[in-house]
Amino acid sequence: MKKVNAYAAHEAGEKLKEFQYDLPEIGNEEVDVKVDYCGICHSDLSMINNDWGMSQFPLVPGHEIVGEVTALGSEVKGLKIGDKVGVGWYSGSCMHCNQCLDGQQHLCGTAEATIVGRHGGFADTVRSHWSWTIPLPKNIDMKKAGPLLCGGITVFNPIILAGVKATDRVGVIGIGGLGHMAIKFLKAWGCEVTAFSSNPNKKENILAMGAHSVVDSTNPDALGDIAGSLNFILNTTNVTLDWNSFLVTLAPQGRFHNVGAVLEPMAIPAFTLLMGEKSVGGSPLGSIALTKTMLDFCVRHDIYPTVEEFDLKDVNKALEHLEAGKARFRLVLKA
């Protein structure tokens with residue numbers, strides 16, 4: 001048995017408290033990772049508050065983990081003690097269904113989420129299946145790498161799925177923890193990037209990230225001025241919007257892609273899609289191989305989230321900062 005020191009919520013909406021639990025003997029295909037840094041994602045807040053109805057308490061959040069391999073099962077492949085690795089939203093999948101065998105492990109129907117029914121990275125140790133324990137590229141910035149394992153791959157995968165080209169004009173809705181990383185990726189991709197934001201105070205920051213223009217997402221006239229101009233739009237918000245106004249900004253055969261966890265049904269007008277051969281899609285994170293590719297891309301182009309760092313002992317202060325909408329733009333806990 002291995003004792004883990006962590007921070008946990010014991011009831012929905014409760015502040016996190018110091019918590020200890022025991023890990024059983026390590027499985028043949030499992031890896032223990034000493035946590036160096038763990039990002040705080042809005043999904044952690046949703047799980048703490050049980051917004052999605054699947055939280056189990058006590059709950060140790062944290063699924064944007066980077067650290068060092070400290071223990072290996074006997075059947076682990078491609079890792080050794082001391083390797084620098086990352087663990088994201090998923091920590092295991094079946095490895096025998098069609099999706100896993102096709103290299104789309106994030107679509108596995110029985111994929112194991114790091115903080116659903118198990119304990120995550122607001123701790124000194126986390127356990128994962130070896131396949132989802134991602135080796136980190138040499139020279140990656142460990143202090144900023146954690147959010148790439150969830151937020152980063154969440155916005156990188158749609159760029160691949162949509163076949164976005166360097167010549168495309170693209171839009172990003174919601175310039176927060178997800179959206180600011182999307183801008184950085186799309187700028188490095190070579191695209192002309194339009195940012196949709198409802199906060200005029202963010203404009204200079206957004207332009208500094210690499211956006212070519214900022215459009216007030218609450219202004220119908222501003223949206224009308226760019227009608228028919230965008231090949232691809234990525235929505236990172238989790239609130240209901242005037243979907244038709246954004247679909248109208250798409251060029252013919254344009255694609256609207258949603259990664260925000262919008263809880264209400266999305267009212268998508270059929271004729272806006274039909275008359276322009278437009279499409280609407282969505283996705284969760286990304287495959288193991290694509291996550292590795294994204295990390296290499298980040299190191300090559302020096303792409304990292306903009307982060308604020310907190311000590312793990314100040315986790316409740318960090319969560320309050322996030323819940324108040326003050327994060328600029330991702331929060332990282334130092335273990």
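A few notes on this one:
- Of all residues making up the range 193-209, the number that are of a type in the set (Phe, Trp, Tyr) and open to solvent by 30 Å² or more (accessible area, probe 1.4 Å): 0
- Test result for Thr249, within 30 Å of Lys84 (Cβ to Cβ), in contact with a strand residue (DSSP E or B) (Cβ under 7 Å, 6 or more places away or on another chain) and open to solvent by less than 60 Å² (accessible area, probe 1.4 Å): no
- Contact map, the range 28-44: residues that are free of Cβ contacts under 8 Å to residues at least 60 places away in the same chain paired with residues that are surrounded by fewer than 24 Cβ atoms within 10 Å (Cβ to Cβ) and not aromatic (Phe, Trp, Tyr), Cβ distance under 9 Å, separation 6+ or inter-chain. Pairs shown: Asn28/Gly73; Asn28/Ser74; Asn28/Glu75; Asn28/Val76.
- Taking every residue in the range 85-111 that is within 20 Å of Pro158 (Cα to Cα) and pairing it with any residue that is open to solvent by 70 Å² or more (accessible area, probe 1.4 Å) and outside any helix (DSSP H, G or I), at least 6 positions away or on another chain, the pairs with Cβ-Cβ distances below 7 Å are Tyr90/Glu112.
- Test set (1) open to solvent by 20 Å² or more (accessible area, probe 1.4 Å); (2) closer than 30 Å to Ala324 by Cβ - Ile81 fails condition number: (2)
- Look at the range 1-13: where a residue is surrounded by 12 or more Cβ atoms within 10 Å (Cβ to Cβ) and a partner is of a type in the set (Gly, Ala, Ser), sitting 6+ places away or on another chain with Cβ atoms under 6 Å, you get Val4/Ala123; Ala6/Ala123.
- Looking only at residues of the range 271-298 that are crowded, with 17+ Cβ neighbours inside 10 Å and among the β-branched types (Val, Ile, Thr), we find that the one that is farthest from the chain's Cα centre (by Cα) is Thr272.
- For the residues Lys80, Lys34, the requirement of being of a type in the set (Lys, Arg) and outside any loop (DSSP other than H, G, I, E, B) singles out Lys34.
- Tally, over the range 210-241, of residues that are more than 20 Å from Pro284 (Cβ to Cβ), out of contact with any Gly (no Cβ under 6 Å at 6 or more places or on another chain) and surrounded by 21 or more Cβ atoms within 10 Å (Cβ to Cβ): 3
- For beta carbons closer than 9 Å, sequence separation of 6+ or different chains, a first residue in the range 257-273 that is at positive phi and a second that is open to solvent by less than 50 Å² (accessible area, probe 1.4 Å), there are no qualifying pairs.
- Residue in the range 41-50 that is touching a Lys or Arg at 6+ places or on another chain (Cβ under 9 Å) and in a loop (DSSP other than H, G, I, E, B) present: yes
- Pairs, first under 17 Å from Cys150 (Cβ atoms) in the range 308-335, second open to solvent by 50 Å² or more (accessible area, probe 1.4 Å) and β-branched (Val, Ile, Thr), C-beta under 9 Å, six or more apart: Phe329/Thr306; Arg330/Thr306
- Complete set of residues in the range 87-137 that are part of a loop (DSSP other than H, G, I, E, B), aliphatic (A, V, I, L, M) and touching a strand residue (DSSP E or B) at 6+ places or on another chain (Cβ under 8 Å): Ala111, Ile115, Leu136
- Annotation: of all residues in the range 259-270 being farther than 22 Å from Gly88 by Cβ and surrounded by 13 or more Cβ atoms within 10 Å (Cβ to Cβ), the one that is farthest from the chain's Cα centre (by Cα) is Ile268.
- Only one of Asp102, Asp36 that is farther than 23 Å from Gly177 by Cα, open to solvent by 10 Å² or more (accessible area, probe 1.4 Å) and at pLDDT 95 or above: Asp102
The values are calculated or read from the model by the stated rules, or taken from the named source; none is laboratory data. Here the structure is a predicted model, which is why all the values come from computation and not from measurement. Cβ coordinates were reconstructed from backbone atoms using ideal geometry, including for glycine residues, and neighbour counts include every protein chain displayed. Heavy atoms of the whole protein, side chains included, go into the accessibility calculation; ligands, DNA and RNA do not. Shrake-Rupley method; radii C 1.70, N 1.55, O 1.52, S 1.80 Å.
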